[in-house]
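**Student:** Here's a structure for you.
The values are calculated or read from the model by the stated rules, or taken from the named source; none is laboratory data. Note that the structure is predicted; figures quoted are calculated from it, not measured. Don't worry about glycine lacking a Cβ; one is built from the backbone with ideal geometry, like all the others, and counts go over all protein chains shown. Calculation scope for accessible area: heavy atoms of the full protein, side chains included, ligands and nucleic acids excluded. Shrake-Rupley method; radii C 1.70, N 1.55, O 1.52, S 1.80 Å.
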Amino acid sequence: MTQTQGSAVTETSFELFGRLENTGHEQVVFCQDKASGLKALIAIHNTVLGPGLGGTRMWKYSTEAEALNDVLRLSRGMTYKASIAGLNLGGAKAVIIGDANHQKSEALMRKFGRFVENLNGKYITAEDVGTTTRDMEYVNMETDHVVGLPEAMGGGGDPSPVTAYGVYMGIKASAKQAWGNDSLSGKTVAVQGIGKVGMHLLEHLHKEGAKMIVSDINTDNLKHAAATFGATVVNGDEIFDQNAEIFAPCALGAVLNSKNIERLKCQIIAGAANNQLEDETVHGDMVRSKGMIYAPDFVINAGGLINVYSEYTGYVRELAMAQTENIYHTILNIYKRASERNINNQLAAIELAEKRIHDMMLVKSTY
Ligand code: NAD
């Protein structure tokens, strides 16, 4: 056992390279700057399809191991999201360890930007939980490898309307799978969380003549949804007990756990929230065994990523929307694969994402 000087980190407890081998990560960069207080990790998971793109999360992690786990898990998710969306992008993510409300400064963000610049375009950053468009403007003072900038700076602005459009496409494809017809007219959709994405989703559902039941912890959002779209408001997690054909989780992760799945009466689960399944295998299988169609989250919420990718290649909103519309066909393709392979939809989506990476690796194997 090797003990590093002045620290409790040991070779046997850390086993970093073994972990990276297991998760398939290419590179992890530790960024440290005492003057600005920067402590950040950049994890580049896979760049077969293109440069790794993923936002920078700033969070008060209680341990460095927790930050490392998060950046490894999130960067791998980005690889799958980019691949299945058909983008020429790899997966990466960054985390800054610290309190976004008290420890953020121009110096910290710009120093982080210099670390991003040092990667020479292998990593492209964007905003995420705990960072804002303003922070990305600071990052952009040190590197061009940043997306998610305001429209005034040539960026794509708020990606939420594009994300919501993709979710809407995913719901329609799921309706086609369930009922042979993708019309949502007269169908009831229970939406948990009507923030930036959820509210835009209501607009599409309303236009198509769907009935809506909503829950949120923000009463202003609830009032707006009831007044503008005639949505029925329910309290808290009563959203799980509604008689709705479709459940759209658009707030929190891990809502599809053993307890909540038992309560749901819907035929389709399709929403924007990230990491909806508490366990991809256990709960993906549980949903499937109950005869419900689950639209894999990282597939139907890819509109935001498509939007920032389009910023990287020269932003045109119409192009981003057209590419997001493809989510409809991608979802149907995943359902077909899941049925052929007799596996749950989440695992089928991961298989297809991995297959594209593998196929493209072979394409690139000759000059
Ligand atoms: P948001 O913060 O604007 O909206 C989330 C809403 O959920 C808020 O109105 C909040 O009050 C509500 N909420 C929180 N806890 C709740 C609870 N217990 N019950 C009901 N409502 C609750 O976020 P957003 O940008 O709309 O994103 C929604 C989800 O979609 C998040 O999980 C996000 O990670 C994911 N997502 C968003 C985008 C995007 O483009 N914004 C892209 C991909 C994924």
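**Student:** Quick test for you: out of 126, 190, pick the one residue that is open to solvent by less than 40 Å² (accessible area, probe 1.4 Å), out of contact with any His (no Cβ under 8 Å at 6 or more places or on another chain), closer than 17 Å to residue 248 by Cβ and touching a residue at least 40 places away in the same chain (Cβ under 8 Å).
**Tutor:** None of the others qualify; the one that does is 190.
**Student:** In the list 238, 262, 318, which residue meets the criterion of being closer than 19 Å to residue 161 by Cβ, surrounded by fewer than 14 Cβ atoms within 10 Å (Cβ to Cβ), assigned by TED's automatic domain parsing to the domain that holds residue 345 and more than 20 Å from the chain's Cα centre (by Cα)?
**Tutor:** After applying the criteria, what remains is 318.
**Student:** A further question follows. Going by the structure shown, is residue 194 closer than 24 Å to residue 279 by Cβ and within 24 Å of the chain's Cα centre (by Cα)?
**Tutor:** Against the criterion (closer than 24 Å to residue 279 by Cβ and within 24 Å of the chain's Cα centre (by Cα)), residue 194 does not qualify.
**Student:** Right, next: Please state which of the following conditions residue 155 fails to meet, knowing it meets all the rest: (1) in a helix (DSSP H, G or I); (2) touching a Gly at 6+ places or on another chain (Cβ under 7 Å).
**Tutor:** Single failed check for residue 155: (1).
**Student:** Quick one: which residue in 251, 231, 227, 273 is out of contact with any Ser or Thr (no Cβ under 9 Å at 6 or more places or on another chain) and within 12 Å of the ligand (Cβ to nearest atom)?
**Tutor:** Just a single option satisfies the conditions, and that option is 273.
**Student:** Looking at (1) assigned to a helix (DSSP H, G or I); (2) within 16 Å of the ligand (Cβ to nearest atom), which one does residue 338 not meet, given that it meets all the others?
**Tutor:** That leaves (2) as the condition not met.
**Student:** May I pose another question? If the requirement is being in contact (Cβ under 8 Å) with a residue 60 or more places away in the chain, under 21 Å from residue 162 (Cα atoms) and not polar (S, T, N, Q), which of these qualifies: 119, 53, 49?
**Tutor:** 53
**Student:** With respect to the numbered conditions (1) at pLDDT 95 or above; (2) closer than 27 Å to residue 350 by Cβ; (3) outside any strand (DSSP E or B), which one is the sole condition not fulfilled by residue 110?
**Tutor:** (2)
**Student:** Failed condition for residue 222, given (1) assigned by TED's automatic domain parsing to the domain that holds residue 105; (2) within 10 Å of the ligand (Cβ to nearest atom), with all others met?
**Tutor:** Answer for residue 222: the failing condition is (1).
**Student:** Residue 84: open to solvent by less than 40 Å² (accessible area, probe 1.4 Å), hydrophobic (A, V, I, L, M, F, W, C) and touching a Pro at 6+ places or on another chain (Cβ under 9 Å), yes or no?
**Tutor:** yes
**Student:** Quick check: anything in segment 115-126 among the basic types (Lys, Arg), under 14 Å from residue 38 (Cα atoms), away from the ligand (no atom under 16 Å from the Cβ) and not in a helix (DSSP H, G or I)?
**Tutor:** no
**Student:** In segment 328-344, is there at least one residue being touching a residue at least 40 places away in the same chain (Cβ under 8 Å), touching a Lys or Arg at 6+ places or on another chain (Cβ under 7 Å) and open to solvent by less than 20 Å² (accessible area, probe 1.4 Å)?
**Tutor:** Yes, that holds for at least one residue.
**Student:** May I pose another question? If I go through segment 288-324 residue by residue, how many of them are of a type in the set (Val, Ile, Thr), touching a helix residue (DSSP H, G or I) at 6+ places or on another chain (Cβ under 7 Å) and under 26 Å from residue 70 (Cα atoms)?
**Tutor:** Residues in segment 288-324 being of a type in the set (Val, Ile, Thr), touching a helix residue (DSSP H, G or I) at 6+ places or on another chain (Cβ under 7 Å) and under 26 Å from residue 70 (Cα atoms): 3 in total.
**Student:** Pairs please, first residue from segment 355-367 and modelled with pLDDT of 95 or more, second anywhere and open to solvent by less than 90 Å² (accessible area, probe 1.4 Å), Cβ atoms under 7 Å, 6+ apart in sequence or on different chains.
**Tutor:** 356/83; 357/46; 357/48; 357/49; 357/83; 360/48; 360/49; 361/48
**Student:** Also, I was wondering about something else. Would you call residue 175 of a type outside the set (Phe, Trp, Tyr), buried (at least 16 other Cβ atoms within 10 Å of the Cβ) and within 17 Å of the chain's Cα centre (by Cα)?
**Tutor:** no
**Student:** Now for a different question. Please go through segment 165-219 and pick out each residue that is under 20 Å from residue 332 (Cα atoms), more than 16 Å from the ligand (Cβ to nearest atom) and in contact with a helix residue (DSSP H, G or I) (Cβ under 9 Å, 6 or more places away or on another chain).
**Tutor:** 172, 173, 174, 176, 177, 181, 182, 183, 184, 187
**Student:** Of all the residues that make up segment 277-304, how many are within 16 Å of the ligand (Cβ to nearest atom), open to solvent by 10 Å² or more (accessible area, probe 1.4 Å) and of a type in the set (A, V, I, L, M)?
**Tutor:** Result for segment 277-304: 1.
**Student:** So which residues in segment 242-257 are farther than 23 Å from residue 81 by Cβ and open to solvent by less than 60 Å² (accessible area, probe 1.4 Å), if there are any at all? Before the answer, list the steps.
**Tutor:** Start the filter on segment 242-257 by keeping residues that are farther than 23 Å from residue 81 by Cβ, which leaves 242-245.
Of everything in segment 242-257, those that are farther than 23 Å from residue 81 by Cβ and open to solvent by less than 60 Å² (accessible area, probe 1.4 Å) turn out to be 242, 244, 245.
**Student:** Please name all residue pairs, on different chains or six or more residues apart, with Cβ atoms under 6 Å, provided the first residue is in segment 152-168 and is free of Cβ contacts under 8 Å to residues at least 12 places away in the same chain and the second residue is in a helix (DSSP H, G or I) and of a type in the set (Lys, Arg).
**Tutor:** The qualifying pairs do not exist here.
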